[in-house]
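The values are calculated or read from the model by the stated rules, or taken from the named source; none is laboratory data. Note that this is a predicted model, so its numbers are computed, not measured. Cβ atoms come from the backbone with ideal geometry, glycine included; neighbour counts cover every protein chain shown.
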Amino acid sequence: MAAPTRLPDVRQALAWRDIHSGLDEAAARRVPILCLAESPWSNGAQRLALVLGQHDETRDLVESSFVPVIVDPLERPDVAARLAWAASTLTGTVGPPLLALLTPSGSPFLAYCTLWPEGRDPYPSLHSLLRSVADLDRERRTALENEAMALQARAGGRAASAPRHTAWQRIRDHVDARFGGLQESPKCPHPHVLWQLLDEAAHPPVRAHLVRTLEGMQRGGILDQLDGAFHRCSRDERWIVPHFEKLVPTNAALAAVYARAASLFDRPDFLATADGAAAFAAAGLESGTMVIASDARHYTWTPGQFQEELDPGLIQALGLHFKITRDDSPHVLYRALEADQMGDYADEDPAVLSERIDEGKAHLLRVRMRRPPPARHAVDAPAWHAETLRWLFEAGRHDVDVDEGMLDRRLRALLAGHFDPNLGYARTSRAGARYWLEDQTALATACLAAGAGVPEAHGSAIVLADIILEAYCDAETGALLDAPHEGGGRRRPSQAVVDGTLWAAVPSTIELLRTLAHEERGSQRSRSTSCVRFERAAEVAERRHRDATHAASAYDLR
């Protein structure tokens, strides 16, 4: 059967419930919950939809023995963060796709971030996994509850043993010493971690890891070798086979990382990579597109397509450069050989080969632009736009050519959005206007990164920091909260601790408060009370962030 031109929408694959109705139904039916915590445009969600659409037996199993729940991280970042924390505790990595299995009471007991829904060694198929869980639930239901309790205990112990360390100390036991990045699957760029590591680049092991990682991503298929934008993450350890979706904030952050690394390590090639990622991110801001959805057939090439589209004089150079073999399967373009490494295979001068590579890449890009384009998505979360602005401002300070006037206009437009003096900036979604910590923090951080073109930015950052302390910080414990809880509602500490598309809300808020305290302390207009308030709030929030006493609320999804 021929593959569809577009993968199906996961929202149509099952009768998904939202988190609240799903929890109520699971408690009434006393069956586990199958929860997908992914945006519908993600590669993992598309693949799951394809498998469900092709297997009636799997769909019947889900409906009879589980309650299917979908959580879009853009609409419920608090719930997605709690599930990500559970997955990270179980597997050491987070998605995509982030699938979690929950007890009827809503406690996670199993998470699969690297699940191949169709099955692939060593991973089970979705159907076999769900069949095993359904059988266990029917025969030994207490076993699932015990698994959930054990997971919660592990998470609590992990939180308690997490003292403050440098970025390198936190990751050095988990780095991939051969290909860079971390020992995880899928392998993610983690631009925020790389940015922190650049502060420690004088330390030889840190410098070696940074260079290895940045070179690996630059050569791999995780970087679109034709248009210079980065894909979301890599399925393999060598950065070659990506999840093909492209996220604008990730590209903006990587542009800043590569630009700063280019200066520190005297690497013009890193600056060229920064230029490509920044151009993609800036275009996304201008057009309102924050995501280009996954579409493998748009980006890959069969040997036949390669030969049909390229002039014979370009085929050898491009074939060696991208390692196009006779294998009929689609090829991801990655840089296997550079022109000066082709001496054993080609007689021409490396400069000639390099020109042919550049000419061939430009031609392939023109051909690809005639293919049906991947779906494009707007994201109305202020945090996505603010994070993009913040990192493009940073990239501009490190020799990337950015349109500062456009960035200033976009920041002023964000600051002119719907603002509540008690709650901050609203996020509009299908569920209506909501307020989230990550939006306030990202906007404040973008304001601090802006230049003189937005003179009101610094004052806006101070206002947002004050709002965070009043509405998003528990007055009794000092813990940071995902959302303001009005009317005496229950105030749960945030579990937004996993570095994903955006820098996790808790550490970024702590950094924001410390930065403001430092600036206020050194300013001629120093507001000493604000300085002390910000500094103390950051210290308490970090201590609470590491404190296991609030881990019991990590998996309360209601």
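Numbers for the structure displayed
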read-out	value
Residues located in region 285-329, provided they are of a type in the set (Asp, Glu), over 24 Å from Ala351 (Cα atoms) and in a helix (DSSP H, G or I)	Glu286, Glu308
Matching entry among Leu318, Leu285, Leu264 (being outside the structural domain of Ser39 (by TED's automatic domain parsing), buried (at least 17 other Cβ atoms within 10 Å of the Cβ) and over 21 Å from the mean Cα position of the chain (by Cα))	Leu318
Qualifying residue in region 203-212 (condition: without any contact (Cβ under 8 Å) to a residue 40 or more places away in the chain, out of contact with any helix residue (DSSP H, G or I) (no Cβ under 8 Å at 6 or more places or on another chain) and under 27 Å from Asn43 (Cβ atoms))	yes
Options Ala452, Ala433, Ala479; residue that is surrounded by fewer than 18 Cβ atoms within 10 Å (Cβ to Cβ), at pLDDT below 95 and more than 28 Å from Glu404 (Cα to Cα)	Ala433
One residue from Asp401, Asp358, Asp439, Asp408 being of a type in the set (D, E, K, R) and either modelled with pLDDT under 95 or touching a strand residue (DSSP E or B) at 6+ places or on another chain (Cβ under 6 Å) (or both)	Asp439
Single unsatisfied condition, Asp340 versus (1) of a type in the set (D, E, K, R); (2) in a loop (DSSP other than H, G, I, E, B); (3) farther than 22 Å from Cys233 by Cα	(2)
The one condition in (1) farther than 30 Å from Arg172 by Cβ; (2) out of contact with any Phe, Trp or Tyr (no Cβ under 7 Å at 6 or more places or on another chain) that Asp295 fails to fulfil	(2)
Qualifying position, being in contact with a helix residue (DSSP H, G or I) (Cβ under 6 Å, 6 or more places away or on another chain), over 18 Å from Glu308 (Cα atoms) and crowded, with 22+ Cβ neighbours inside 10 Å, among Pro374, Pro382	Pro382
Matching entry among Glu456, Glu438, Glu394 (being more than 22 Å from Trp503 (Cβ to Cβ) and of a type in the set (Asp, Glu))	Glu456
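Every residue, every condition in (1) surrounded by 17 or more Cβ atoms within 10 Å (Cβ to Cβ); (2) outside any helix (DSSP H, G or I), yes or no:
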residue: Thr142; (1), (2): no, no
residue: Glu145; (1), (2): no, no
residue: Met149; (1), (2): no, no
residue: Arg172; (1), (2): no, no
residue: Trp195; (1), (2): yes, no
residue: Ala202; (1), (2): no, yes
residue: Leu210; (1), (2): yes, no
residue: Ile240; (1), (2): yes, yes
